[in-house]
Amino acid sequence: MQRNEKQDLIGALHEKMSKAAIAIAVGYKNIDAAATVKLRKTFRENKVDYKVVKNTLARLAAKGTPLEKFTEGLDGPNAIILGYDDVVAPAKVLRDVLKEQGEKMTVKAGVVQGNLVDAKGLAALADMPGLPELRGILVGMIAAPATRLVRLLNTPGGQLARVLKAKSEKAA
């Protein structure tokens, strides 16, 4: 790779790292090409970046970003996973990928909104509800009092209608 190509790669990676809400370093070994293609597709479908980058380039790109501490301990072959909006979704996708790959992939470190997190922290994050689920819970909580009020207001009218119907059937 030429020097100017490396600088372009570092610049693009620096921009992505500065926007990332979550970043995870994953060590890998003995992953075949078909599994790698499937991995990349899985991450892409979930709007998560998956990049295999040399450690020195990752360190250079991380300078001046919240991910600077995270890249210091990288050694061996690594892939970096970057998520931007929802911090739970990349952790859930990674959990599923780790189950599928077994011992071929290991979590080395992670940063969630500027805080360094280990593999156990990422596992706990993956167990939390994601942004869409939290939005659904919030909408349900907001709509619950209105739903109860409508049900309460409809109850006397419904009871009156049933009494009138019973009276008309009895009279007929």
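Observations on the structure shown:
- Condition check for F70: in contact with a helix residue (DSSP H, G or I) (Cβ under 8 Å, 6 or more places away or on another chain), in a helix (DSSP H, G or I) and modelled with pLDDT under 85: yes
- Region 127-144, residues that are open to solvent by 50 Å² or more (accessible area, probe 1.4 Å) and out of contact with any Gly (no Cβ under 9 Å at 6 or more places or on another chain): D127, M128, L131, P132, E133, L134, R135, I137, L138, V139, M141, I142
- Restricting region 83-118 to residues that are among the hydrophobic types (A, V, I, L, M, F, W, C) and either farther than 24 Å from V37 by Cα or not in a helix (DSSP H, G or I) (or both), the residue that is farthest from the chain's Cα centre (by Cα): M105
- Some residue of region 44-54 being open to solvent by less than 20 Å² (accessible area, probe 1.4 Å) and in a loop (DSSP other than H, G, I, E, B): yes
- Single residue of K63, K92, K108 found to be loosely packed, with under 15 Cβ neighbours inside 10 Å, more than 13 Å from A20 (Cα to Cα) and of a type in the set (K, R): K63
Results for (1) in contact with a helix residue (DSSP H, G or I) (Cβ under 9 Å, 6 or more places away or on another chain); (2) closer than 22 Å to G102 by Cβ, shown as yes or no for each residue.
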{"residue": "V26", "(1), (2)": "yes, yes"}
{"residue": "V37", "(1), (2)": "no, yes"}
{"residue": "V53", "(1), (2)": "yes, no"}
{"residue": "T56", "(1), (2)": "no, no"}
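The values are calculated or read from the model by the stated rules, or taken from the named source; none is laboratory data. Being a predicted model, the structure only gives us computed values, none of them experimental. Every residue, glycine as well, gets a Cβ built from its backbone with ideal geometry; the counts of neighbours run over all protein chains shown. Heavy atoms of the whole protein, side chains included, go into the accessibility calculation; ligands, DNA and RNA do not. Shrake-Rupley method; radii C 1.70, N 1.55, O 1.52, S 1.80 Å.
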